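Notes for the one structure printed next.
The values are calculated or read from the model by the stated rules, or taken from the named source; none is laboratory data. As the structure is a prediction and not an experimental result, all values here were calculated from the model. Heads up, the Cβs are rebuilt from the backbone with ideal geometry, glycines too, and the neighbour counts pull from every protein chain shown. Protein only, heavy atoms only, side chains kept; ligands, DNA and RNA dropped before computing areas. Shrake-Rupley method; radii C 1.70, N 1.55, O 1.52, S 1.80 Å.
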Amino acid sequence: MGDVLKGRGCAWEFEDGGLRITPEPGKKGSKLSMELGARFVPYDALAEVALETDARGRVVLRVVPRQGADPVMSAAAGQLQDSLDPYRLVLPAAKEELAGRHADEIRAALSERGPAERFLVAGPSVPRGFKAWDGEAAFDGQAVTFTWFLSGASPAKYTAGDRRYPVSEIEGVEWHALEDASGSLRLHVRGHHAPADPNKDPASVVFGIGHGATHESLPFAAAVLAAVQETKAEPLSRR
């Protein structure tokens, strides 16, 4: 391989052992892809490849990561719309034959397709932060900090005070996309008994219109997930 296939908003470079996905600013790519930046995806991390045609007659080359291979897709938990899928390359109809050849080459490189034991794609870079509806979330690679807003935080959160959760105490992250003016990011913290309502849980931040957009909150959740896993295994080398 070694070829580059340029599509709507990003380019796929086919390298030995994997696929490098690079967003191209100003080319109508999604905000999520721009925020994630260039990513190297080993073929070992992929389970499927498909070539499709969308409603506008364009060619769509799509790869599907193995379950548990990518922290971004693990955090998303099936909630991403097609337009936000970072593993979907939209091409002009004239490139169908070329895309088909690349799909065949990727398919031939796939081996294990079952769930991955650990992340095979590097997590988003840190530090990260975003403004939720009820507070500001920050992650420096070592700990997640929630700083509450007086105007948005519930009395339960504001009374509890700002929170700092070291990665060593976090067992997981639950992300719910902003939809119908609601959504949330919840940390599963060891020893913390969380109320069902994220508005009352000091280990959660809630989203609202203009606060917690997917391109900000999902990479944050994925970066935390990746860091949590790295505390339990050898760090993943970045390429």
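Test LYS200 against the stated conditions and say whether it is open to solvent by 20 Å² or more (accessible area, probe 1.4 Å), of a type in the set (Lys, Arg) and within 29 Å of PRO86 (Cα to Cα).
Numbers: open to solvent by 20 Å² or more (accessible area, probe 1.4 Å): yes; of a type in the set (Lys, Arg): yes; within 29 Å of PRO86 (Cα to Cα): no.
Spelling it out, it is not the case that LYS200 is open to solvent by 20 Å² or more (accessible area, probe 1.4 Å), of a type in the set (Lys, Arg) and within 29 Å of PRO86 (Cα to Cα).
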Contact list, first residue from the stretch 177-190 and in contact (Cβ under 8 Å) with a residue 24 or more places away in the chain and surrounded by 18 or more Cβ atoms within 10 Å (Cβ to Cβ), second anywhere and hydrophobic (A, V, I, L, M, F, W, C) and not in a strand (DSSP E or B), beta-carbon distance below 6 Å, six or more apart or interchain, is LEU178/PHE207; GLY183/PHE207; LEU185/ALA221; LEU187/ALA203; VAL189/ALA203
Residue hits (the stretch 18-43; open to solvent by 70 Å² or more (accessible area, probe 1.4 Å) and not charged (D, E, K, R)) are PRO25, GLY26
message = Based on this model, can you work out whether LEU46 counts as in contact (Cβ under 8 Å) with a residue 60 or more places away in the chain, closer than 18 Å to GLY100 by Cα, buried (at least 21 other Cβ atoms within 10 Å of the Cβ) and not hydroxyl-bearing (Ser, Thr, Tyr)?
response = yes
When the stretch 216-235 is checked residue by residue, the ones that are farther than 15 Å from ILE170 by Cα and open to solvent by 50 Å² or more (accessible area, probe 1.4 Å) are GLU216, GLU234, PRO235
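Could you identify the single residue in LEU19, LEU51, LEU61, LEU46 that is farther than 16 Å from LEU120 by Cα and under 20 Å from the mean Cα position of the chain (by Cα)?
On the way: LEU19 fails: farther than 16 Å from LEU120 by Cα; LEU51 fails: under 20 Å from the mean Cα position of the chain (by Cα); LEU46 fails: farther than 16 Å from LEU120 by Cα.
Only one candidate passes the filter, namely LEU61.
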Within the stretch 49-82, residues touching a residue at least 40 places away in the same chain (Cβ under 8 Å), buried (at least 19 other Cβ atoms within 10 Å of the Cβ) and not in a loop (DSSP other than H, G, I, E, B) come out as VAL49, VAL59, LEU61, VAL63, PRO65, PRO71, VAL72, SER74, ALA75, ALA76
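Can you tell me how many residues in the stretch 118-171 are of a type in the set (D, E, K, R) and either open to solvent by less than 70 Å² (accessible area, probe 1.4 Å) or modelled with pLDDT under 95 (or both)?
Taking the stretch 118-171 first, the residues of a type in the set (D, E, K, R) are 118, 128, 131, 134, 136, 140, 157, 162-164, 169, 171.
Now drop any that are not either open to solvent by less than 70 Å² (accessible area, probe 1.4 Å) or modelled with pLDDT under 95 (or both), which leaves 128, 134, 157.
Residues flagged as of a type in the set (D, E, K, R) and either open to solvent by less than 70 Å² (accessible area, probe 1.4 Å) or modelled with pLDDT under 95 (or both) within the stretch 118-171 amount to 3.
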